[in-house]
Structure formats: structure tokens, C-alpha cells
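The values are calculated or read from the model by the stated rules, or taken from the named source; none is laboratory data. Not measured: the values here are computed from a predicted model. Glycine also receives a Cβ, built like all others from the backbone with ideal geometry; neighbour counts cover every protein chain displayed. In case anyone asks, the SASA skips ligands and DNA or RNA and just uses the protein heavy atoms, side chains included. Shrake-Rupley method; radii C 1.70, N 1.55, O 1.52, S 1.80 Å.
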Amino acid sequence: MISNFKSISLTYRKAPLEIRERVALNEAECKNLMQKIKDFTETAELLVLSTCNRTEIYYTSNEDLSDDIIKLLGVEKNIPSLIDQKSFFEIYNDQADAVLHLFEVGIGLDSQVVGDMQIVNQVKFAYQWSADLNLAGPFLHRLMHTIFFTNKRVVQETAFRDGAASVSYATVELAEELLSATPNANILIVGLGEIGADVCRNFKANTSFKNITLTNRSPLKSEALALECGIEHVPFETLWEAVSKADLVISSVAKEEPLFSKEEIESLSILSHKYFIDLSVPRSVDARAEEVPGVIVYDIDHIQNRSNEALENRLNAIPHVRKIILDSIVEFNEWSKEMEVSPTINKLKNALEQIRKEELSRFVKQLNDEEAKKVDEITKSIMQKIIKLPVLQLKAACKRGEAETLIDVLNDLFNLEKQSEQILRD
């Protein structure tokens, strides 16, 4: 059984943004890299995960392939000098460390925003790509399904995924609350700094909203993000026309004076409600705007308080999450150890089956069809009872870390290596 799982990790913890964005991989690049690693190394199982905060390669090999893989990543991204940046990578050559790291990544413990809800789907996509390229074997299949099951337990048993723990997530969450009774609500996003861009991307991941428009002083930036997120963009010169149509305006504009003055808002025709979420500092929505009938404004402090409360709940849940993860790893390790003795169990079954068939062949000619069938059933039952105890003993020995001795004893008692060779020849 495979016991040589390793990983290479480039994340926000050690690598600056300018390094991470240069090596970030899209789906096609992930698959290309996996094919390169498969062609140039001995690895049998492989997973490549790339998000805005991390690019990671998980693989199985008896050797440390980190240098080779970093070079191949450099080839895929046309960065020949990437190997010179190895200090930004974290290398996990111990299987236990690599497995624990993948659990923490998949559950969201290792995310920049603790409990990141998107990471689970990103890991699932990466796993699917591995399966598509036949680079997911028994070890990786079992490991990934254990992680997904563990994630379900975390969601059901803890508050780790409750609430929105970042400003951009909290903004989308508040939008859902405000517009829950407004079908086909129109949302306008103004300003595409880091927060504004994150808000756009989080709306993209939320299927509740269809009518989202963005605008920005820089039209090129606005067009590029609109294309990425599959939403509409309008020229900044038509800002107030877009505001008049919007049920919710989200602003993250860097400006000394408010972009949305009370007087301008007052001139709008507001039939029921118009919501503003102001993520700017200084504020881009006039503090007096709520004096206008139907206008409700939420500022950055309100959003930050929501995200801080959610983050505190998630942090408080971490000890419980870690316990669930460790329970799952113990169960996975037991399975993995049992798989180490699986070849011996199969050899033992084959050896006994060979003996059974040889003995049956000596007497079956003397029996009619009904008698032969009965004897076949009886001998199969006897064989299953004979093999049951050695199998249970082997599995128990695995848990005690003593399987190797019992494997040697069974090999000697039943001459399993010779029996296997004979079966293959036959």
C-alpha cells in the first residue's frame, strides 16, 4: 500500500502576492502540469490545487520530487527561475504532515479567511481533474472522500462555517438579507479596489442574484472584471442613471468627499427602499443620506462587526474542528495500514483456493452434478472459516504496528510467494 504521500505548497503564509499570482494555475494549466509531472516522474497519484491564495501539488513517490516539480511548474508558467524561489515553498515530505495539511486546507482551517466556504468546491474540482487523468488511485480516492465526509461533520456539528468572516462575504450575506423580498433585485457595485473586486467575485459564486452591474473610473479594469465574473458593466459617466435603477448600491470608492451626496440621492425617484452599503474609508455615502425617505445606509463598521462576530464564532469552533479532523485521520490511517496487508490476505486466499480446487479435482469425477455442487459449497464455507481468524489477526496486528511479523509467519507457513508465482504461471 502507498505510504509515501508528499506535498509542495506555495501560500499566502510565505509567498507575497506578486509570486502567488505569477504561478496561479487555471484548469487547463493544472491539467497540463499534472501531465508533465506524470511524464517526467515516477509518481502514480497526483493532485494539483490552485486558488488565489495557494498553489499546491500533492503526490506519491519514494523520493523527494520537490525540485523537479517546482521546475516543471516554472516551465508551465514560463518562469525558468522559479526554482530560485524555492524558499517561498513549504515542503511536506512526511506522509502524516502532508495528509494533515490537506485536511486543514480542505476543511478551511488553513485559509486566509478561516472557514473559507469556497475551498471545499475548489478541492473537489482538483480531485475531479486528478480522476479525469487517471492520477487518483486507492490512496487518494479514500483520502479525498474522508476529507469530504469530515467537512460534512464540521458543518453539522460546529459553528465553523456559520456567518461571513470577511468583509466581502459579509457584504454578500447582508445583501441576501436586505433583498430577500425583492425578486430580480438590481445591484450596483461602484469602485473596484481590493474589497470591491472581492465583492464582485463573491457575488459570482452566489446564484441568488442575477442582475449585477459594476462601474469604475478605470473602464479597462471594469470590463476585465465584468468579463471574469459574467456580469454587466457601465461607464462611470452614467453612474447616477445606474444608481436610479439599483435596489442596492455597494460603494468602495477612495475619495476625500462623499461620492453620493444627500442632495444627489434626494433627487432620485425612490418608490420604496434604496439600500447603500458603504465600504469606503473615508465614507463615500453622505452621512446625512438616511435623512432621505426610503434610504438605508450600512457603513464599513456595521459590515466589519458582522464579519468579526462570525470570525470569533469560527475561531471558537477550531478546537472541535481539529478533534473531528484527528478522529478522521485516525480512521484513515487504520484503513491505510489495513491496505498494507491486503496483498498478503489476497495471497493467502488464493493459496487456499488453489489447494481447495486441486483437492476437488481429484474427487469430483466420482460425483454427480448435485453432489459436486454440494461439496463445492461445503469446501468454500470451510475455507472462509479457516481464513477468517488469520485475517482478523492481521488487521489487529496492523493497529498494533506488528503486521510485518505476522506477514512473515503466514508467508513461511503457506509458502505464499511460491504459491503466487505458481498461480501467475497457471
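Let's see how each residue does on (1) over 30 Å from Asn211 (Cβ atoms); (2) of a type in the set (S, T, N, Q):
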| residue | (1), (2) |
| --- | --- |
| Phe89 | yes, no |
| Val105 | yes, no |
| Lys124 | no, no |
| Leu135 | yes, no |
| His141 | yes, no |
| Val172 | no, no |
| Glu177 | no, no |
| Asn184 | no, yes |
Screening Asn333, Asn313 for residues that are within 28 Å of Asn411 (Cβ to Cβ) and of a type outside the set (A, V, I, L, M, F, W, C) leaves only Asn333
Apart from one, (1) modelled with pLDDT under 85; (2) hydrophobic (A, V, I, L, M, F, W, C); (3) open to solvent by less than 90 Å² (accessible area, probe 1.4 Å) all hold for Val281; the odd one out is (3)
Picked from the range 224-238 (must be buried (at least 18 other Cβ atoms within 10 Å of the Cβ) and closer than 16 Å to Gly193 by Cα), the residue modelled with the highest pLDDT is His233
Selection over the range 293-316 where residues are open to solvent by less than 90 Å² (accessible area, probe 1.4 Å), charged (D, E, K, R) and farther than 21 Å from Ala246 by Cβ yields a count of 2
Among residues of the range 38-84 being among the acidic types (Asp, Glu) and surrounded by 16 or more Cβ atoms within 10 Å (Cβ to Cβ), the residue nearest to the chain's Cα centre (by Cα) is Glu56
Within the range 273-290, the residues that are of a type outside the set (D, E, K, R) and within 14 Å of Leu178 (Cβ to Cβ) are His273, Tyr275, Phe276, Ile277
| task | Might you check whether a residue that is in contact (Cβ under 8 Å) with a residue 24 or more places away in the chain and over 30 Å from Asp247 (Cα atoms) occurs anywhere in the range 274-292? | result | no
Note on Ala170: of the conditions (1) part of a loop (DSSP other than H, G, I, E, B); (2) closer than 27 Å to Ile325 by Cβ; (3) open to solvent by less than 20 Å² (accessible area, probe 1.4 Å), unmet is (1)
Subset of the range 180-197, residues under 21 Å from Phe260 (Cβ atoms) and not β-branched (Val, Ile, Thr), comes to Ala185, Asn186, Leu188, Gly191, Leu192, Gly193, Glu194, Gly196, Ala197
Of the residues in the range 338-390 that are touching a Leu at 6+ places or on another chain (Cβ under 7 Å) and of a type in the set (Ser, Thr, Tyr), the one that is surrounded by the fewest Cβ atoms within 10 Å (Cβ to Cβ) is Thr379
Any chance Glu359 is over 30 Å from the mean Cα position of the chain (by Cα) and either among the acidic types (Asp, Glu) or at pLDDT below 80 (or both): yes
When every residue in the range 173-206 that is open to solvent by 10 Å² or more (accessible area, probe 1.4 Å), assigned to a helix (DSSP H, G or I) and free of Cβ contacts under 8 Å to residues at least 60 places away in the same chain is compared, the one nearest to Leu239 (Cα to Cα) is Ala197
Of those in the range 200-246 that are of a type in the set (Asp, Glu) and closer than 18 Å to Ala185 by Cβ, the residue farthest from the chain's Cα centre (by Cα) is Glu241
In the range 207-217, anything open to solvent by 30 Å² or more (accessible area, probe 1.4 Å) and at pLDDT 85 or above is listed as Lys210, Asn211, Arg217
Among the residues of the range 121-150, the number that are open to solvent by 30 Å² or more (accessible area, probe 1.4 Å), in contact with a Phe, Trp or Tyr (Cβ under 8 Å, 6 or more places away or on another chain) and closer than 18 Å to Lys31 by Cβ is 1
**Item:** Test: Lys255 is open to solvent by 90 Å² or more (accessible area, probe 1.4 Å) and within 20 Å of Asn216 (Cα to Cα)
**Value:** no
Selection from the range 20-54 of residues β-branched (Val, Ile, Thr), free of Cβ contacts under 8 Å to residues at least 40 places away in the same chain and closer than 20 Å to Phe88 by Cβ yields Ile37
When every residue in the range 177-189 that is under 31 Å from the mean Cα position of the chain (by Cα) and among the hydrophobic types (A, V, I, L, M, F, W, C) is compared, the one nearest to Cys52 (Cα to Cα) is Ile189
